[in-house]
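Here is the structure we will look at, set down as structure tokens.
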Amino acid sequence: MLDLALCVLFSSSLFVIFKLYSKYKIQTLYAIICNYVVACLFSTLFYDGKITVNDLTEKPWFLGTMALGILFIVVFIITAKTSQKIGVSVASVAAKMSLIIPVIAGVLIYNEVLGAIKIIGIILALVAVYFASIKNRTLSVKMETIILPLLLFLGSGMVDTSIKYLQATYMEKEDYPLFSATVFGAAGFIGIIFILLKSFREPLRPNLRNVLGGLVLGIVNYFSIYFLLRALENDFINSASIFTLNHVATVLLSTIFGIVLFKESLSKKNWFGIGLAVISIILVAST
């Protein structure tokens with residue numbers, strides 16, 4: 001449970017860092033791409049073995065990390081577009097509701113058994129995430145704008161499901177840092193290509209703030225993935241419960257950070273969602 005708690009802490013800290021970006025005028029896109037490069041380099045510090053290109057490409061999970069790295073970038077772009085064109089609330093709900101995908105995968109692929117109490121807890125978690133995330137009194141999505149939230153929902157769910165699949169099927173515990181480095185490296189490589197292509201239309205301007213923002217984000221991002229992998233390795237809580245606890249607890253802690261650090265106000269619906277989240281955590285964590 002310590003690994004899961006640390007995963008929640010670092011995952012929640014990501015939202016705090018993004019919130020601080022606007023305060024310190026850090027360009028999110030460039031900082032995030034820098035973060036992948038930093039996270040890749042930072043991951044190699046925790047890998048004891050020698051790293052060679054031949055050994056790396058022979059790892060059974062190598063091609064999977066390449067695809068996952070691309071997915072990281074794609075999901076980020078979809079998140080940005082959804083936030084800009086439809087709204088932050090819709091983007092937040094779509095991303096967090098995606099926890100149902102790895103939960104279903106755990107049952108169908110790994111034959112994980114969910115008792116009645118855990119199923120009720122997971123259902124309450126989905127409802128809790130919705131109410132804890134919405135910031136407006138009403139949340140309506142027109143039919144013509146349903147595609148972006150749907151892609152965000154599927155993409156976020158695919159990220160969690162892919163990490164679990166690679167961890168359970170191909171990975172040894174000692175490979176965690178190298179796996180993380182490869183995923184982040186792939187995402188960083190794609191991001192750099194994206195920036196270079198963009199530079200043909202808009203000249204690049206080096207910015208120390210973006211680099212510092214990416215440095216902090218990269219370290220925190222690395223540990224959020226590292227401790228998620230460690231949490232998934234445990235023998236007493238299945239992956240469906242791990243993902244549920246991780247998502248809901250992250251919503252709770254992020255909310256607390258928002259109140260304490262940024263004096264954010266919550267509606268009655270938000271408080272209702274937080275209450276449901278607490279109940280769902282108790283139910284899902286029960287044996």
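The values are calculated or read from the model by the stated rules, or taken from the named source; none is laboratory data. Because the structure is predicted, anything quoted here is derived from the model rather than measured. FYI the Cβ positions are ideal-geometry reconstructions off the backbone, even for glycines, and counts take in every protein chain you see.
The table below gives the values:
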item	result
Residue within segment 76-91 that is under 21 Å from the mean Cα position of the chain (by Cα) and modelled with pLDDT of 80 or more present	yes
Residues of segment 253-276 satisfying the condition of being at pLDDT 80 or above and aliphatic (A, V, I, L, M)	L253, I256, I259, V260, L261, I274, L276
Residues of segment 143-174 that turn out to be charged (D, E, K, R), outside any loop (DSSP other than H, G, I, E, B) and surrounded by fewer than 20 Cβ atoms within 10 Å (Cβ to Cβ), as a count	3
Considering residues of segment 210-254 that are aromatic (F, W, Y) and under 23 Å from L68 (Cβ atoms) only, the residue surrounded by the most Cβ atoms within 10 Å (Cβ to Cβ)	F243
Among (1) more than 20 Å from the chain's Cα centre (by Cα); (2) exposed (fewer than 15 other Cβ atoms within 10 Å of the Cβ) - the single one N207 does not satisfy	(2)
Segment 244-287, residues that are under 16 Å from V127 (Cβ atoms), among the aromatic types (F, W, Y) and in contact with a helix residue (DSSP H, G or I) (Cβ under 8 Å, 6 or more places away or on another chain)	F272
Test: residue in segment 47-68 that is closer than 20 Å to K198 by Cα and at pLDDT 85 or above	no
Residues of segment 131-155 satisfying the condition of being out of contact with any helix residue (DSSP H, G or I) (no Cβ under 6 Å at 6 or more places or on another chain) and modelled with pLDDT of 75 or more	I147, L150, L154
Among (1) over 21 Å from A67 (Cβ atoms); (2) touching a residue at least 12 places away in the same chain (Cβ under 8 Å) - the single one R205 does not satisfy	(2)
Only listed residue being without any contact (Cβ under 8 Å) to a residue 24 or more places away in the chain and more than 11 Å from S11 (Cα to Cα), chosen from L245, L266, L229	L266
Inter-residue pairs, beta-carbon under 8 Å, first farther than 21 Å from L45 by Cα and in segment 162-180, second of a type in the set (S, T, Y) and crowded, with 21+ Cβ neighbours inside 10 Å, 6+ apart	K164/S239; L166/T65; A168/S239
Members of segment 44-58 found to be assigned to a loop (DSSP other than H, G, I, E, B), in contact (Cβ under 8 Å) with a residue 12 or more places away in the chain and not aliphatic (A, V, I, L, M), listed by number	F46, Y47, D48, G49
Selection count, segment 7-43, where residues are in a helix (DSSP H, G or I) and either closer than 26 Å to E174 by Cα or aliphatic (A, V, I, L, M) (or both)	25
Unmet criterion (only one of (1) farther than 23 Å from S239 by Cβ; (2) modelled with pLDDT under 90) for C40	(2)
